[in-house]
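Derivation of every value follows stated rules applied to the coordinates shown; laboratory data play no part. Since we're looking at a predicted model, the values are computed, not measured. Cβ atoms come from the backbone with ideal geometry, glycine included; neighbour counts cover every protein chain shown.
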Number of protein chains: 2
Amino acid sequence: MTPEEFRKAGHALIDWIADYREDIPNQPVRAQVQPGEVRRSFPVEAPQTADSFAKLLTDLETRVVPGITQVQHPMHYGWFPSNASLSSVLGDIASSGLGTLGISWESCPALTEVEEVVCDWMRQLTGLSDQWKGTIHDTASTACVTAMILAREKASDLSKNSTGLQAVAVPLVVYSTSQAHSSIAKAVQLAGFGQDNLRYIDEDPYTRAMLPEALADAIRNDLAHGRIPAAIVCSVGATGTTAMDPVAEIAAIANEHNIWLHVDAAMAGSAMLLPEARHLWEGVEAADSLAWNPHKWMGTILDTALFYVCDTAHLERVMSTNPAYLQSSADGEVTQYRDWGIPLGRRFRALKLWFHLHLDGIDAIQARLRRDLANAQWFQKQVEAAQHWQVLAPVLLQTICIVHIPQDADGQPLTGEALDAHTLDWVGRINESGQAFLSPSVLDGRWMVRVSIGVEGTTREHVQKVWELLQASV
Amino acid sequence: MTPEEFRKAGHALIDWIADYREDIPNQPVRAQVQPGEVRRSFPVEAPQTADSFAKLLTDLETRVVPGITQVQHPMHYGWFPSNASLSSVLGDIASSGLGTLGISWESCPALTEVEEVVCDWMRQLTGLSDQWKGTIHDTASTACVTAMILAREKASDLSKNSTGLQAVAVPLVVYSTSQAHSSIAKAVQLAGFGQDNLRYIDEDPYTRAMLPEALADAIRNDLAHGRIPAAIVCSVGATGTTAMDPVAEIAAIANEHNIWLHVDAAMAGSAMLLPEARHLWEGVEAADSLAWNPHKWMGTILDTALFYVCDTAHLERVMSTNPAYLQSSADGEVTQYRDWGIPLGRRFRALKLWFHLHLDGIDAIQARLRRDLANAQWFQKQVEAAQHWQVLAPVLLQTICIVHIPQDADGQPLTGEALDAHTLDWVGRINESGQAFLSPSVLDGRWMVRVSIGVEGTTREHVQKVWELLQASV
């Protein structure tokens, strides 16, 4: 395709996207397709010859769009917000259009250095000290795998350079809680520790925060049995209820025993753009690594996960490769991001953050986050004031965990499996209707419903609307 | 940013990109900036308030563009081709514009099912049987880490579910050659095997292909010492010289001992779009996993790495997570790509391949690959016919490894460090000039130069021009 053909098709595509985004509120929130329906709408065999852009746009419209769950819809309250602000989309378009290659500083100096600049901007904007150096990963999952490998290599004296984890004489242990995101257990397993060496530390029964004294006990017990505490993963805004582990107290224990402390703030990192929220990760300066996703609530489009460490020398010792074909005269003077993560080749992701910050401005982003926090407070009050409804966990950010408990035929509150069936029934009907989307989840062995506010387009009016919908559905 | 503001800025950006792409042949190939120059052109502090799109485009032009090494330049012969065809860029733009979230089938059924469709199209187009199921990873590096973890878990009976690699009684061993990409050793280390358990098997001194009898010997020796052969990584188009390990013979050995065989065809996978090239990976059907990068020679923009396995049940056992908040009624009927790799969240990458295939057509892509192979043959002939020039390895694809050996003052051919200095001098001058870019690399302990043909815009005329430039530079 020539630049002129691209220009013509590109203009048509921009118009199509603008129209599409404008129309999202008129679409069902959850895709209404059945399993296999989208796949079957495509030819089984690959196209042999080229076809027109107009035909492609039609196919996009008719085959793909019906299969999209609209996470940008103002009535989307599922999982966590996954905003894809149009200002950051422009940065992504610029990145694609430039067609750069990041495999070394030399292969695109600007790609490396703009990433350094924006990671440092984000560090400042979240109140972190300049001991932290950042890079952009695809997701917090990948950042956590990296952190677990960094911890493993610290605890095993760089076993990767010799006989590996398999020759380490005593078990290495990782500590977290049952509230931690599923990617934490996955990272522990992928890094080779084994699930049996992941300890779920007791939590406070209401806040679901890790109990530091229980952590200290578990570490003492492992040490007494000759095991090596290697890593602690501290959740700041855990997925179920946005639980916040007490970072300062945990960091004190980690530092006492020289244990790698990884802070998973995938969700709550966005809140740290607000000075008034930073008490939620007080103590973070004493951690070893830290990840959060601007591609969630803040709204820089996927995939934009920030990963910060203090000890970049250790990071590079663990992740570096230096083949002859990637060496250049700039080596030693520049950052080689290939040595800061798993992939060699990287996209120019920094443009997404640069465009987002430049075009929206941090003032507006902060105002939106504060709007969402206020909406969550309002929603919490409504639920608490309503008969038969309960809020199940502290509302520390913008997610409210709720349950509706009606009375049975004997005038007793519904419990157990009957309550589960009721919950899954009403939330299922709402989700199927396409009017709104909420994530059912499990807390203390029972189904509940998460109302996660924070889509860019969600105003107080939409929050009122979903509350009315909930009340009408039970 | 509203859809209408996006529309306006988007049109300006499309025009900017079209102009930029048109102008690439007039730019220096290698960026002419010094370390830190791009970084210092940015403010130290993050922008507080929003600024205009016009200002941003100016900054992009003046601060970023000078820091880009132009891998889309027709005189770029460095590393491997990293084509970013404009048809696939449109797919990337559509992906960004849609703003979808891939964390489960339910979160975007189309994202999952179009990925299934295009991975199957690519399977057919490379002549693979339908035992292979594919997914899109960011890079072949990540695919290799995944493959090494799959191998580790197969050889250790899913040790991740219990006490981990650290409790496996006997060492697990991986086999490859010194020609394998740097990401292979990195993957072996990250997966916890340890560098001492990676065996570099002897290669043919000219073709640099793994010697199967040497592999069989090494395996026998490890077995005799009570070690467990866990994985073999077979390179199809290794980075230095595009060496091709004999897949069929290696697969026979792997299957005899039930060893996981991963085929790294990151570069040569594109060639498999040509039926006449498929003899180069004959035997691939007997492998366990396979990765290649459409984002290289084929030209679907980064990040588009295909990863195929046969045993998806094993893949899912190793990589799966199933937290309550991601469960839905479609579970069991649909593919959950989060269980096929490391990250949970994924972009709608399949659109890049769909747009590329639809808008360019496989006929035109094949014609371009054949053009490049013919150009490489032509270039090889020129070098072989010229005095003092040598071709150092078989030209199996589109990369030619060359050296220029002048005579010293005594009429003897230059050798050793003097030859290295000469090589690095002439290639350094070319690269610094910005007229062309070539990758110096090391072969048998001596510097040589790789001429890797295959940029979308590189015609015979450009190849003639670089050959003239080379001759004039020595």
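In summary, the lysines within cross-link reach of residue A:160, defined as a Cα separation below 28 angstrom excluding same-chain residues under 8 places away, comprise A:133, A:186, B:154, B:160, B:186. Across the alpha-carbon atoms of the stretch B:426-467, the computed radius of gyration and Dmax are 11.5, 33 angstrom.
For the stretch A:296-397, what does the relative contact order come out to in percent, with C-alpha contacts under 8 Å and a separation of six or more?
Values: 38 pairs, mean separation 26.7, N = 102.
It rounds to 26 percent for the stretch A:296-397.
Can you tell me the dipole magnitude for the protein assembly as shown around its Cα centre, using point charges on the Cβ only (Lys, Arg +1; Asp, Glu -1), in Debye to the nearest 20?
On the way: 70 positive and 112 negative charges, 85 e Å.
My answer is approximately 400 debye.
What is the average number of partner chain Cβ atoms found within 10 Å of a Cβ in B:80-87?
Counting Cβ atoms of other protein chains within 10 Å of each residue's Cβ and averaging gives 5.
Is the C-alpha gyration tensor of the stretch B:160-239 telling us rounded, prolate or oblate? Criteria: a/c under 1.5 is rounded; beyond that, a/b larger than b/c is prolate, otherwise oblate. It is oblate, given that a/c is not under 1.5 and a/b is not larger than b/c.
Since only B:431, B:198, A:171 are under comparison, the one whose Cα sits farthest along the positive direction of the charge dipole of the protein assembly as shown, derived from C-beta charges on Lys, Arg, Asp and Glu, is B:431. Among beta bridges from DSSP that stay inside chain A, the antiparallel ones total about 60%. When both bridge partners sit in the protein assembly as shown, DSSP labels roughly 60% of those beta bridges antiparallel. Over the C-alpha trace of the stretch B:3-68, radius of gyration and Dmax come out as 14.0, 39 angstrom.
Rounded to the nearest 5, the antiparallel percentage of DSSP beta bridges internal to the stretch B:93-360 is 45%.
Taking Cα pairs under 8 Å and at least six residues apart, what relative contact order does the stretch B:27-131 come out at, in percent? The partial results should precede the final answer.
Working: 45 pairs, mean separation 24.6, N = 105.
So the answer I get is 23 percent.
State to the nearest 20 debye the size of the charge dipole of the stretch A:362-473 about its Cα centre, where the only charges are +1 on K and R beta carbons and -1 on D and E beta carbons. All intermediate terms of the calculation are to be shown ahead of the outcome.
On the way: 9 positive and 13 negative charges, 98 e Å.
The calculated dipole for the stretch A:362-473 is roughly 460 debye.
Shape analysis of the stretch A:272-412 based on the Cα gyration tensor places the equivalent ellipsoid semi-axes at 44, 19, 15 Å, largest first. Rounded to the nearest Hz, the phi-derived 3J(HN,Hα) couplings of the stretch A:126-143 under the Karplus curve 6.51 cos²θ - 1.76 cosθ + 1.60 (θ = phi - 60°) are 10, x, 8, 6, 7, 6, 8, 10, x, 8, 9, 9, 6, 8, 5, 4, 5, 4, where x marks glycine and proline.
Let's test the formula: R0 of 45 Å, r as the Cβ-Cβ distance of residue B:162 and residue B:472. What FRET efficiency results, to the nearest 0.05?
My answer for the efficiency is 0.10.
Length, then width, then depth: along the principal axes, the Cα atoms of the stretch A:93-360 run 54, 46, 27 Å.
This model, with +1 at the C-beta of Lys and Arg and -1 at the C-beta of Asp and Glu, gives chain A a dipole about its Cα centre of some 480 debye. Using only the alpha-carbon atoms of the protein assembly as shown as identical scatterers, what base-10 log of I(q)/I(0) does the Debye formula give at q = 0.08 Å⁻¹? The computed values of log10 I(q)/I(0) come out as -0.73.
Of all chain A residues, the one whose Cβ lies closest to the rotation axis that maps A onto B, given with that distance rounded to whole Å, is A:192, 2.
Sorted from closest to farthest, the other copies place their residue A:416 label points 8.8 nm away, with each point set 7 Å from Cα along Cα→Cβ. The ranking of A:433, B:156 from fewest to most other beta carbons within 10 Å of each one's beta carbon is A:433, B:156. When you work out D = kT/(6 pi eta Rh) for the stretch A:163-293 at 25 °C and 0.890 mPa s, using the Kirkwood radius from C-alpha pairs as Rh and the Stokes-Einstein form, the result is 165 µm²/s. Residue B:158 label point (Cα plus 7 Å toward Cβ) to equivalent points in the other copies: 3.6 nm, shortest first.
Treating each Cα of chain B as an identical point scatterer and summing with the Debye formula, the log10 of I(q)/I(0) at q = 0.06, 0.10 Å⁻¹ comes to -0.30, -0.85. Placing unit charges on each Cβ (+1 for Lys and Arg, -1 for Asp and Glu) gives the stretch A:294-391 a dipole about its Cα centre, and among A:298, A:344, A:321 the Cα reaching farthest toward its positive end belongs to A:298.
Go ahead and run the numbers for FRET between residue B:255 and residue A:227, Cβ-Cβ distance against an R0 of 56 Å, rounding to 0.05.
That pair, residue B:255 with residue A:227, gives E of 0.90.
Each copy carries a label point for residue B:44 at 7 Å from Cα toward Cβ; from one copy, the others' points are 6.5 nm away, ordered from shortest. Distance between the modelled labels on residue B:380 and residue A:55, one decimal in nanometres: 3.7 nm (7 Å Cα→Cβ projection). Listed values for the stretch A:403-416 are Karplus-derived 3J(HN,Hα) couplings in whole Hz (6.51 cos²θ - 1.76 cosθ + 1.60, θ = phi - 60°), namely 8, 10, 10, x, 8, 7, 4, 8, x, 9, x, 5, 9, x, and x replaces Gly and Pro.
Rounded to the nearest 0.05, what FRET efficiency do residue B:425 and residue A:317 have when you use their Cβ-Cβ distance and R0 = 30 Å?
Details: r = 32 Å, r/R0 = 1.08.
Computed FRET efficiency for residue B:425 and residue A:317 comes out at 0.40.
Length available on full extension from residue B:48 to residue B:26: 0.36 nm per residue minus the Cα-Cα distance, which gives 4.3 nm.
With viscosity 0.692 mPa s and temperature 37 °C, the Kirkwood radius over alpha carbon pairs of the stretch A:19-154 converts through Stokes-Einstein to a diffusion coefficient of 169 µm²/s. This ranking places A:296, A:352, A:465 by how few other beta-carbon atoms lie within 10 Å of each, fewest first, which gives A:465, A:296, A:352. Remark: the stretch B:98-238 is approximated by an ellipsoid whose semi-axes, taken from the C-alpha gyration tensor as √(5λ), come to 32, 21, 13 Å, largest first.
Between residue B:407 and residue A:282, the simple spin-label model (points 7 angstrom out along Cα→Cβ) gives 8.2 nm.
How much of the pair distance distribution for the stretch A:297-376 lies past 22 Å, counting alpha-carbon pairs only, in percent?
Values: 1464 of 3160 pairs.
Tail of P(r) above 22 Å: 46 percent of Cα pairs.
Annotation: amide H of residue B:443 within the under-5 Å range of B:448, sequence separation 5 or more or interchain, hydrogens built in the peptide plane.
Considering only B:332, A:366, A:142, and ranking their Cα positions along the charge dipole of the protein assembly as shown that arises from unit charges at the beta-carbon of Lys, Arg, Asp and Glu, the one farthest toward the positive end is A:366. The HN-Hα couplings worked out from phi for the stretch A:159-172 by the Karplus form 6.51 cos²θ - 1.76 cosθ + 1.60 (θ = phi - 60°) are 4, 4, 7, 10, 9, x, 4, 5, 9, 6, 6, 10, x, 9 Hz, whole numbers, x standing for Gly and Pro. If you take the alpha carbon atoms of the stretch A:362-473 and fit the smallest convex hull around them, that volume is 104 Å³ per residue.
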